[in-house]
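Novice: Okay, here's the structure, questions in a sec.
The values are calculated or read from the model by the stated rules, or taken from the named source; none is laboratory data. None of these values were measured; they are calculated from a predicted model. All Cβ positions, glycine included, derive from the backbone under ideal geometry; neighbour counts span all protein chains shown. Accessible surface areas use protein heavy atoms only, side chains included; no ligands, DNA or RNA. Shrake-Rupley method; radii C 1.70, N 1.55, O 1.52, S 1.80 Å.
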Amino acid sequence: MSALMKISTFSSTPLSALSIPGTHDSLSYDLSLTLAHDAVDDHDRLSKILRELSILRRPNEVEEFIRLQAQSQKLDIVQQLDNGIRFIDFRITYESKETGQSKADWYSLHSVLSTCPAAVYLKEVRDWMEEHPQEVVVVWFSRHGSVSDRGESAYPNTPISAKLQFWRIVEEIFDGVLIDTSVSDYRTTEIKELVARNHRLVPFVSDYEEF
């Protein structure tokens, strides 16, 4: 994006008027062997069957098969950004990674949970942005890529307090580069102004009213 800033017709264009190159399930390159609670989108019964099969068969056999099928990306998040990706499809879920573990955390997911908590990948994005001060990055947070789900259907078994906590983490990680919507509007503010104001991280959140 920074290379295009020299072109006035580009730099004077609002973000909403651009086609942003992105990846589907951007973090699916780093998946664990832990099945997500709702491992199959909107099919609770099938998810339950998969978990039961995992118990009955050899350990991790089902999970390994699902993990391989769920890998939409091979490049890690930094490599994606280095190759021009500026729209990150960041799936999130709030649950415990280990069976019987009481403390939950935010992970990415694509049928199985990510290896690391979501904050680890967000910090990698922030570090990259520090090294590329002319770049604008869009991040869409959702659980299953839905823009219409609300409340329990958007993030099952997730209290509002956990959502607020996640957003505080986002604000802390991207402090100084997060768009200030009282000043900038992605629909009307020119790209060059977003960069000049350092409003370079533009997030979208499914069920945003509870975050």
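Novice: Looking at (1) closer than 20 Å to Thr34 by Cα; (2) open to solvent by less than 50 Å² (accessible area, probe 1.4 Å), which one does Asn157 not meet, given that it meets all the others?
Specialist: That leaves (2) as the condition not met.
Novice: In the stretch 64-82, what count of residues is obtained for those that are β-branched (Val, Ile, Thr) and in contact with a Ser or Thr (Cβ under 8 Å, 6 or more places away or on another chain)?
Specialist: Of the residues in that region, 2 qualify.
Novice: I would also like to ask the following. Quick check: anything in the stretch 146-153 in a loop (DSSP other than H, G, I, E, B), in contact (Cβ under 8 Å) with a residue 24 or more places away in the chain and surrounded by 14 or more Cβ atoms within 10 Å (Cβ to Cβ)?
Specialist: The answer is yes; a qualifying residue exists.
Novice: If I ask for residues that are buried (at least 20 other Cβ atoms within 10 Å of the Cβ), of a type in the set (Val, Ile, Thr) and modelled with pLDDT under 90, which ones from the stretch 67-114 would you list?
Specialist: Val112
Novice: In this structure, is Asp38 among the acidic types (Asp, Glu) and at pLDDT 95 or above?
Specialist: Here the answer is no, as Asp38 does not meet what is asked.
Novice: Hey, can you tell me all the residues within the stretch 157-209 that are farther than 28 Å from Asp105 by Cα and β-branched (Val, Ile, Thr)?
Specialist: Val183, Thr188, Thr189, Ile191, Val195 - these are the residues of the stretch 157-209 that are farther than 28 Å from Asp105 by Cα and β-branched (Val, Ile, Thr).
For every residue, the table says whether it meets (1) under 17 Å from Thr93 (Cα atoms); (2) open to solvent by 50 Å² or more (accessible area, probe 1.4 Å); (3) in contact with a helix residue (DSSP H, G or I) (Cβ under 6 Å, 6 or more places away or on another chain).
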{"residue": "Asp127", "(1), (2), (3)": "no, yes, no"}
{"residue": "Arg187", "(1), (2), (3)": "no, yes, yes"}
{"residue": "Asn198", "(1), (2), (3)": "no, yes, no"}
{"residue": "Pro203", "(1), (2), (3)": "yes, no, no"}
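Novice: Test Arg168 against the criterion of being open to solvent by 30 Å² or more (accessible area, probe 1.4 Å) and either outside any helix (DSSP H, G or I) or more than 21 Å from Gln79 (Cβ to Cβ) (or both), and give yes or no.
Specialist: Values: open to solvent by 30 Å² or more (accessible area, probe 1.4 Å): yes; either outside any helix (DSSP H, G or I) or more than 21 Å from Gln79 (Cβ to Cβ) (or both): yes.
Yes: the conditions hold for Arg168.
Yes/no per residue for (1) without any contact (Cβ under 8 Å) to a residue 60 or more places away in the chain; (2) in a helix (DSSP H, G or I); (3) out of contact with any strand residue (DSSP E or B) (no Cβ under 9 Å at 6 or more places or on another chain):
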position	(1), (2), (3)
Glu172	yes, yes, yes
Ser182	yes, no, yes
Arg187	no, no, no
Glu209	yes, yes, yes
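Novice: Within the stretch 6-32, how many residues turn out to be open to solvent by 30 Å² or more (accessible area, probe 1.4 Å), in contact (Cβ under 8 Å) with a residue 60 or more places away in the chain and within 23 Å of Gln79 (Cα to Cα)?
Specialist: Summing the residues that are open to solvent by 30 Å² or more (accessible area, probe 1.4 Å), in contact (Cβ under 8 Å) with a residue 60 or more places away in the chain and within 23 Å of Gln79 (Cα to Cα) in the stretch 6-32 gives 6.
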